[in-house]
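J.: Structure incoming, see below.
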């Protein structure tokens with residue numbers, strides 16, 4: 001069931017990454033448990049397990065991953081009234097389209113959002129004043145240490161800005177299996193129109209024609225910047241869901257738009273996206289991240305925080 005030396009760039013949205021020592025895809029909870037049992041016989045170190053969704057917002061090392069990568073493909077999708085049950089491996093576009101087709105409102109903000117349900121919950125993905133945590137009723141996960149199934153309501157998931165319990169010590173050894181969402185009845189055509197508006201916005205503004213790692217940095221809360229910086233960018237401030245300065249504006253101000261190292265660069269179309277335009281390596285991306293953090297700190301006194309995860 002476990003494969004060896006599988007190139008991770010095949011599973012990365014930016015198409016970067018060396019081989020995983022061990023790799024597998026799971027379609028059910030029973031398969032997941034079996035894989036963990038196999039891993040315990042091979043190595044047993046749960047710190048050397050990485051659970052993969054669709055590979056967005058993830059940068060794999062050029063040297064690969066010395067451990068086990070598990071791709072979560074649990075793809076259940078069911079509706080009961082205004083509630084929807086989705087598997088952790090379900091693609092967000094599939095869930096969003098399902099809700100739209102069934103005249104269920106609540107995910108219009110997520111039109112065009114990439115990734116999986118599990119990944120979206122872990123990072124509390126959000127845009128256009130919406131966050132995935134807003135619609136959560138319950139999240140079910142498997143604790144890899146005990147094989148215990150855990151169920152958490154919305155409050156227990158500890159959602160914050162691109163944050164959840166699954167990023168903390170409490171939940172990071174868990175795999176998100178299923179999520180139950182509470183939505184509202186709406187007009188199908190209106191939902192479709194609003195969802196498509198977000199899709200079109202992303203197509204127009206984001207460099208989707210090139211492999212990319214999504215937003216490299218989180219947007220910057222206005223509460224964390226000086227009054228002079230706030231004044232300089234006051235026309236660009238937007239709710240996300242609280243007032244933030246788009247990091248793209250800071251990167252442009254620091255002269256980094258289009259800046260390249262090796263085969264990676266800050267997109268001219270949207271500078272907070274790092275794109276792979278010519279066989280980029282992870283070290284190229286990391287070098288750009290380092291330059292951006294230093295340049296923005298020096299010019300604006302702002303500490304940028306990465307949104308991507310380096311594995």
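J.: Within the range 76-93, does at least one residue satisfy the condition of being buried (at least 22 other Cβ atoms within 10 Å of the Cβ), part of a helix (DSSP H, G or I) and touching a helix residue (DSSP H, G or I) at 6+ places or on another chain (Cβ under 9 Å)?
T.: The answer is yes, given that some residue of the range 76-93 is buried (at least 22 other Cβ atoms within 10 Å of the Cβ), part of a helix (DSSP H, G or I) and touching a helix residue (DSSP H, G or I) at 6+ places or on another chain (Cβ under 9 Å).
J.: Give me a count of the residues in the range 117-144 that are touching a strand residue (DSSP E or B) at 6+ places or on another chain (Cβ under 6 Å) and within 30 Å of residue 37 (Cβ to Cβ).
T.: Going through the range 117-144 one residue at a time, the tally reaches 9.
J.: Yes or no: the range 169-184 includes at least one residue that is at pLDDT below 95 and on the phi > 0 side of the Ramachandran plot.
T.: no
J.: Does residue 216 qualify as being without any contact (Cβ under 8 Å) to a residue 60 or more places away in the chain and either crowded, with 20+ Cβ neighbours inside 10 Å or under 19 Å from the mean Cα position of the chain (by Cα) (or both)?
T.: On the way: without any contact (Cβ under 8 Å) to a residue 60 or more places away in the chain: no; either crowded, with 20+ Cβ neighbours inside 10 Å or under 19 Å from the mean Cα position of the chain (by Cα) (or both): yes.
In short, no.
J.: Another question about this same structure. Kindly establish whether residue 235 is out of contact with any helix residue (DSSP H, G or I) (no Cβ under 6 Å at 6 or more places or on another chain), farther than 29 Å from residue 299 by Cα, in a loop (DSSP other than H, G, I, E, B) and without any contact (Cβ under 8 Å) to a residue 12 or more places away in the chain. Even if it seems obvious, please write down each step before you answer.
T.: Details: out of contact with any helix residue (DSSP H, G or I) (no Cβ under 6 Å at 6 or more places or on another chain): yes; farther than 29 Å from residue 299 by Cα: no; in a loop (DSSP other than H, G, I, E, B): yes; without any contact (Cβ under 8 Å) to a residue 12 or more places away in the chain: yes.
The answer is no for residue 235.
J.: On the basis of being free of Cβ contacts under 8 Å to residues at least 40 places away in the same chain, surrounded by fewer than 16 Cβ atoms within 10 Å (Cβ to Cβ) and in contact with a strand residue (DSSP E or B) (Cβ under 9 Å, 6 or more places away or on another chain), does residue 45 make the cut?
T.: Working: free of Cβ contacts under 8 Å to residues at least 40 places away in the same chain: yes; surrounded by fewer than 16 Cβ atoms within 10 Å (Cβ to Cβ): yes; in contact with a strand residue (DSSP E or B) (Cβ under 9 Å, 6 or more places away or on another chain): yes.
So residue 45 passes the test.
J.: Further, regarding this structure: Test of understanding: among 257, 299, which residue is out of contact with any strand residue (DSSP E or B) (no Cβ under 9 Å at 6 or more places or on another chain) and either in a loop (DSSP other than H, G, I, E, B) or not assigned by TED's automatic domain parsing to the domain that holds residue 13 (or both)?
T.: Testing whether each residue is out of contact with any strand residue (DSSP E or B) (no Cβ under 9 Å at 6 or more places or on another chain) and either in a loop (DSSP other than H, G, I, E, B) or not assigned by TED's automatic domain parsing to the domain that holds residue 13 (or both) leaves just 299.
J.: Mind checking which residues of the range 271-296 are over 24 Å from residue 53 (Cα atoms) and not in a helix (DSSP H, G or I)?
T.: Hits for the range 271-296 are 271, 278.
J.: Quick one: how many residues across the range 164-198 are surrounded by 16 or more Cβ atoms within 10 Å (Cβ to Cβ) and under 25 Å from residue 242 (Cβ atoms)?
T.: 12
J.: Give 69, 35 a once-over and let me know the one that is touching a strand residue (DSSP E or B) at 6+ places or on another chain (Cβ under 8 Å), under 24 Å from residue 276 (Cβ atoms) and either surrounded by fewer than 16 Cβ atoms within 10 Å (Cβ to Cβ) or modelled with pLDDT of 95 or more (or both).
T.: Checking each option against the conditions leaves just 69.
J.: Report yes if residue 68 is more than 30 Å from residue 283 (Cα to Cα) and in contact with a helix residue (DSSP H, G or I) (Cβ under 8 Å, 6 or more places away or on another chain), otherwise no.
T.: no
The values are calculated or read from the model by the stated rules, or taken from the named source; none is laboratory data. In this text the structure is predicted, and so the values were computed from the model without any measurement. So basically every Cβ, Gly included, is an ideal-geometry build from the backbone, and we count neighbours across all protein chains shown.
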